[in-house]
Amino acid sequence: MLGLVLYYFAGFATVGITTLFFRWYPVLRLKLTHRRCKYFDQADSVLVDNIENGWSVEEMLSIDLDQAIMTDLMSASTPHRQDDLHSLDSYHDSEPILMSRRNDSVKPPVSLKYFSHRMVRYVLDKQSGEFNRMSGLSSDDFETLPEHVTRGLDASTHARRIAIFGPNQIDVQVKSYVRLLFEEVLNPFYIFQLFSVLVWIGIAYYYYAACIIVVSGVSIAISLVETKTNQRNLRNMALFHEKLTVVRNGSTFEVPSDDLAPGDLLVIPAEGLVLSCDAVLLSGKCIVNESMLTGESVPVTKSPLPLQDEELRPPKYNPDGDKKHTLYCGTRVIQTRQPAGSRVLAMVVRTGFYTAKGFLIRSILYPKPSKFRFYSEAMRFVLFLFLLAMAGFAYSLVVFVNRHIGPADAILKALDLITVVVPPALPAAMTIGTVFAIARLKKGLVYCISPPRVNVCGKIKMMCFDKTGTLTEDGLDVWGFVPITSEKTHDPVPDLSTLPLDRGLYALATCHSLTTVNNEMIGDPVDLKMFLATKWLLEEPGEETERYDSMMPTLVRPAGTVSSTMKPTADNYLSSSPHEIGIVRQFHFSSHLQRMSVIVNHLEQREMAVYVKGSPEMLRELCNPASIPADYNEKLSAYTHQGYRVLAIGYRSLPKYNWLKAQRVTREEVESDLTMLGLLIMQNRLKPETTPVIDQLLDANIRCAMVTGDNPLTAVSVARECHLINNDSIVFLGDLSQGRVFWSHLDDPTWQLDPATLVPFRTVDPFAESQTSSHGARVASPFEMNFTPRSKVNASSYARMTDEAGKATCPPYTLAITGKAFEVLKKNYSDNFLRLLVRGVVFARMSPEHKTQLVESLQDIGYVVGFCGDGANDCGALKAGHIGVSLSEAEASVAAPFTYRRQTIECIPFVIREGRGALMTSFSMFKFMALYSFIQFTTVLILRYIGSNLGDQQYLYFDLFMILILAVVMGRTGPAEKLGVLRPPGSLISPTIMSSLCLHIILVVVVQASAYIWLQHQSWFVPVVVPNNVANEVDCTENTLLFYISAFQYLITAVVFSIGAPFRKSMFTNYWFMAALSMILFVTLYLTINPPSWAASDSFLQLLPLPTSARVAVAVFDSAHLVIAYALELFLATVAAKRVFRVILRKKRHRNRYKHIAKHMMDDYTAAAAAHGAVRSESRL
């Protein structure tokens, strides 16, 4: 209570200043006005730690609910413990939340306590003292799924769930102009502007104050319009209303989309719709376009979730894991397929901001911080300027007091110095480069939805690329089919249509997920190429919207035959197909399982079978060993080494299966004990732009890696072809076998990899204990990582390689690894995992989760990581990276901060160049604005020392005519045409930035002080005499000379900080800047050489006439300043400068962990090589 009284009293006593301060720091206000509680259920406010975004305060709310539905809230949510959330003050409510939902006895309502944070509700479980993040339906809801399909929700359950989860809306608030104006003007930047204007009015700088008011008003108006436009655009993208058909309590109703609740039974119309919720498909099939969420332009087919398995158990369902059964909010259902007379039904699992689209909208509203220190360090420098201004304020106050100036005038005029030192336009000026960079990116078809990421692009140290569709062509060409029998692997058959009519051809014609929409075949590009190569026909009998017949939804048959479902005629009777096959059920491709399969019905034989297509490694495990020939590994290795994409085909006959059993069986039961049929060989050609782009990045010292779900040997071959791996580099592949990671060579059998250090060594006898790896490579005694200690590798086994100085050097080598081995290393061998991150180039058989983990792990060791992919399976990695570039036809996909509308990686150097240019522009603008303040600060200090100051119109000339114009056009300079080896600094406190700023400040002070001292020694000079009661005498020689000196210093500073190389183009290519510079230079020279009447002492600028010697002195001082400053800035931009700073600062340790790891690996190799040299010396003795 006392804190609350103090809060209001302080606000009243300081005329709202403390209230404004507490608005900027709400945590302090909360701690002053509330007391901390011991338990959450006693709180009415919660202090939430956002980890990277600081603290926020949320209000605790409550809803009275029946106990019967409380489990709906808790079962599928993530707990947040009291350690992470801090509750403060309020009432006590000891009613516990009972978790039982099946207790039918009548109980009084309980109070559900929750708070909303970033559009998501967090519910308090009073028994555990934890907050549970609300999500959607729990697994318990699927236990009664068969009954629910016929009845849907009842009215009372629907009403309760609406109360709990809220309406089904992704409603982005569009604030009124009044509220936006209120929030804008209370920004610290505009508060400081207001303070400055009041000070200027107080000291009679009316013209300047009026101009600043106009400029700030225009700036605020532009900001308000832009903010409101962005909010409207986001709201229009997020908010969606339409009428939907639902089943409730056994009856069909038409309701608005806002009225949907988790558990509602949704009827999908035949013509399709845009989903306004996340729903699990329960009956029928849907063909869905998910490009808005994933960037994937190929429509996907969604199949229904089985209501029961073979043992009549309820299904296990996860909306994020079971994507093939889930319809996501924001995606468009193009067409539905259902049995004749039936409906396509889906059950709502998540609504509003809990949906996939809601998550993406929240990621736009509350973006993840980029961990880029530039802006925070800039604000710290502003704080330093403020402290310097306070020192100047104290100095001015002493001067004014000594000159017997009245207290009010003295304080006001001293406060003016604060407005001089702290440039109010600094935050806006630092974003100018980013604004122009985004405009240039858009012209290049690169769309950015996260402007702060542009500067981050300039610090990229590593780029990760998906392979298929990113580095290589999206569409594969069929190279051939390699039949396999238990005896041998046969020669390839280039034309699939010439294969005999047996199991191999049947598998190629049926094992896919193709369908037709408007008589056009759609589906996965690999499936499409494979099927077209067989020259078979695909038919889906009946109307398009009814192609879900429970017996044969899809039929395939050889070309030139007639389907048996057609009525025989005299013309087609003899050509009806005895090889017609009906596809009864599909198990869609899973990146985790690395396979897909279909259960088919051979109509002529009336026999069912399962055909499986997947990675050769996975099929080898699923097939009966007796069906795999002895040369399987050798042949597979040969094809993958040539860069072909290889898929294995297997089958199993299902003689005792009928349609009902086929619908209930799990894929694990049928995808076992298979017979190997052969290998499908596909050509995956590189895109023509890939290799030149990779070369550019490597030449710029940007590390590149391939992250793919493809075969590791194929990936290594493609990596060599596009120069990710050098031709002279030794490649070691890590794979998992019997739960252990094995490292095998892929090139030179005389080299092995020490599994304890992941550094190579050469064996004395390369083939002494050789064996063949699982990939067909010859391995010299591979070590089992689980058991091999470091001491097992004898020092004499290391080949000594030296450089010209005789120092041991490590041979060029590269690591490749599979997803399973990656997971084992990450979980159990942290040291080796870190070494893998430093040396790994190819990461194969990686699931989407593995890709995300890789990007995050690389970030943890200091890499600034970018990821480029097609947006389908790469969404997690695209969002996890410092920058993510999605190759998508969508104008701006929410899957990544950057979207390129062409399907090539040629945009990557462009994006990085723009990032480097924008970052250097931000640094230059920062230095320009800071030096502008110091130039003016130095001038004012000297003039105040003698009782003078700059005039109102002189301030206007500097700030509006010179600085404002230059600041706007300086940022238009484009990026360098080519990526260089150097990267711009990422910190304001880096040696090059701070030394540049400090040296230029010293130079400014020296030039102005020298000019003032020179003036004192001139015979014609008459010092100004200022009466004691006068604060500022503008009309004096000192003022005029320093006006000319400082005016040219502003121009010199603008020129010096516009030096382009090595990250930007020449300033001469910035025509707007050159025009503005020329105009300002001409006017300033005109004022100096031949002052017009409006510049005289009794006119606008209040300048006195100077003798020719003074004008010559101005030219000499400023020319010297220009030469020294330009040379200084050119030197600081060179590699030599970095070396000098490294010596001066005695920098011995690297800041980034990955450099430490690389050094340790080199030390391990050097130590072993040195030991090998000692062994050889002893042997000679």
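Can you tell me the accessible area per residue over the stretch 205-256, all protein chains present, probe 1.4 angstrom, in square angstrom? Walk me through the numbers before you get to the answer.
On the way: 3050 Å² over 52 residues.
Result: 59 Å² of accessible area for each residue.
At 0.36 nm per residue, and after removing the present C-alpha to C-alpha distance, how many nm does the segment from Leu698 to Gln127 gain when stretched out fully?
That pair, Leu698 and Gln127, stretches by 199.9 nm at full extension.
Subtracting the Cα-Cα distance from 0.36 nm times the residue separation, let me have the gained length for Tyr1071 to Glu689 in nm, one decimal. All intermediate terms of the calculation are to be shown ahead of the outcome.
Details: separation 382, 0.36 × 382 = 137.52 nm, distance 3.17 nm.
Value of the extension gain: 134.3 nm.
Return the distance in nm (one decimal) between the two label points of a simple spin-label model at Ser590 and Asp495, each offset 7 Å from Cα along Cα→Cβ.
3.9 nm
In the stretch 1052-1107, what percent of the accessible surface is made up of carbon and sulfur (1.4 Å probe, ligands and nucleic acids excluded)? Don't skip to the answer; put the middle values down first.
Details: 1980 of 2730 Å².
Accessible surface attributable to carbon and sulfur in the stretch 1052-1107 totals 72 percent.
Report the label-to-label distance for Leu999 and Asn230 in nanometres (one decimal), using points 7 Å from each Cα along the Cα→Cβ vector.
3.7 nm
In what sequence, highest mean first, do 168-175, 377-384, 594-601 appear when ranked by Cβ atoms within 10 angstrom?
Details: 168-175: 18.6, 377-384: 15.2, 594-601: 23.8.
Highest mean packing first, the order is 594-601, 168-175, 377-384.
Could you tell me what percent of the accessible area of the stretch 177-238 is made up of carbon and sulfur, with a 1.4 Å probe and every protein chain present? Display every interim value, and only then the final one.
Numbers: 2440 of 3510 Å².
Heavy-atom surface of the stretch 177-238 belonging to carbon and sulfur, 1.4 Å probe: 70 percent.
Taking a ≥ b ≥ c as the square roots of the eigenvalues of the Cα gyration tensor of the stretch 905-1007, is the shape rounded (a/c under 1.5), prolate (a/b larger than b/c) or oblate? Don't skip to the answer; put the middle values down first.
On the way: a/c = 4.56, a/b = 2.03, b/c = 2.24.
It is oblate, given that a/c is not under 1.5 and a/b is not larger than b/c.
With the cut-off at 19 Å, tell me which of the pairs Lys285/Lys323; Lys827/Lys851; Lys826/Lys879 have Cα atoms farther apart than that. Numbers along the way, then the final one.
Values: Lys285/Lys323 13 Å; Lys827/Lys851 15 Å; Lys826/Lys879 21 Å.
Cα-Cα > 19 Å for Lys826/Lys879; rest within.
How much area per residue is accessible in the stretch 907-1006 when the probe is 1.4 Å and only protein heavy atoms are counted (Å²)?
On the way: 2400 Å² over 100 residues.
In whole numbers, the stretch 907-1006 has 24 Å² accessible per residue.
What whole-number value in Å² describes the accessible area per residue of the stretch 416-507 for a 1.4 Å probe? List each step's numbers first, then the result.
On the way: 3060 Å² over 92 residues.
So the stretch 416-507 comes to 33 Å² accessible per residue, rounded to a whole number.
I need the phi-derived Karplus couplings for the stretch 1033-1042: 6.51 cos²θ - 1.76 cosθ + 1.60, θ = phi - 60°, integer Hz, Gly and Pro marked x.
Going residue by residue, I get 10, 7, 6, 7, 5, 4, 4, 5, 4, 5 Hz, with x marking Gly and Pro.
Note down the net charge around Pro897, summing +1 for each Lys or Arg and -1 for each Asp or Glu among other residues with Cβ under 9 Å from its Cβ. Walk me through the numbers before you get to the answer.
Values: positive: Arg453, Lys879; negative: none.
Local net charge: +2.
Once both labels are modelled 7 Å past Cα along the beta-carbon direction, what's the Asp673-Arg118 spacing in nm?
In this crude label model, Asp673 to Arg118 measures out at 5.1 nm.
Pop the C-beta distance of Ser737 and Thr485 into the FRET formula with R0 = 30 Å and round what comes out to the nearest 0.05. Write down the numbers at each step before the final one.
Working: r = 26 Å, r/R0 = 0.86.
Plugging the Cβ-Cβ distance into 1/(1 + (r/R0)^6) gives 0.70.
Need the full-extension length gain, Ala439 to Glu271, defined as separation in residues times 0.36 nm minus the C-alpha distance. One decimal, nm. Walk me through the numbers on the way to the answer.
Working: separation 168, 0.36 × 168 = 60.48 nm, distance 3.92 nm.
Additional length available on full extension: 56.6 nm.
Give the shape of the stretch 177-238 as rounded, prolate or oblate, defined through the alpha-carbon gyration tensor: a ≥ b ≥ c are the square roots of its eigenvalues, a/c under 1.5 means rounded, and otherwise the shape is prolate if a/b is larger than b/c and oblate if not.
Working: a/c = 4.73, a/b = 2.79, b/c = 1.69.
Here the stretch 177-238 falls in the prolate category.
When only alpha-carbon atoms count, how far does the stretch 981-1112 stretch along each of its three principal axes, as whole angstroms with the largest first?
The Cα atoms of the stretch 981-1112 stretch 59, 31, 28 Å along the principal axes, largest first.
Could you state the number of Å between the C-alpha centres of the stretch 437-489 and the stretch 1011-1055?
61 Å
With r as the distance between the Cβ atoms of Asn187 and Ser363 and R0 = 35 Å, compute the FRET efficiency 1/(1 + (r/R0)^6) and round to 0.05.
On the way: r = 24 Å, r/R0 = 0.69.
That gives a FRET efficiency of 0.90.
The values are calculated or read from the model by the stated rules, or taken from the named source; none is laboratory data. Predicted model, so just to flag it, every value in this text is computed and none were measured. Note that each Cβ is placed from the backbone with ideal geometry, even for glycine, and that neighbours are counted across all protein chains shown. To get the accessible areas, we keep the full protein, side chains included, count just its heavy atoms, and leave off ligands, DNA and RNA. Shrake-Rupley method; radii C 1.70, N 1.55, O 1.52, S 1.80 Å.
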